[in-house]
Amino acid sequence: MPRGPKGEKRPIGAAVVVSKIATGEIDDLTTEDGKNAAAVALGRMGGKARAEGMSARRRKEIARKAAKTRWEQK
């Protein structure tokens, strides 16, 4: 990896991806609103996977805490 004048690493990965998209080597991986398509897909799975891994008691505790915070007077 290239180094800067002070010896720090220079992040060039994003620049390489942008150049490959511009030249047509790879397809653009973003959705219409500019988000990363892979991250959007993982985000959709996240809540369900988290809920499946918890007990009913733990889900209730989290919901109770969220409701309390939501309705708390400021």
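Per atom type, the chain shows carbon and sulfur on 57% of its accessible surface, probed at 1.4 Å. Segment Arg58..Asp33, full-extension length gain: 5.5 nm, with 0.36 nm per residue of separation and the alpha-carbon distance subtracted. Summed over qualifying helices (DSSP H, 4 residues or more, each -39500 (n - 2.57)) and divided by its residue number, the chain shows a 222 nm mean residue ellipticity of -19000 deg cm²/dmol. Note on the chain: the alpha carbon radius of gyration divided by the globular reference 2.2 N^0.38 Å gives 1.88.
The values are calculated or read from the model by the stated rules, or taken from the named source; none is laboratory data. All values derive from a computational prediction rather than experimental measurement. Note: accessible area is taken over every heavy atom of the protein model, side chains too, but ligands, DNA and RNA are not part of it. Shrake-Rupley method; radii C 1.70, N 1.55, O 1.52, S 1.80 Å.
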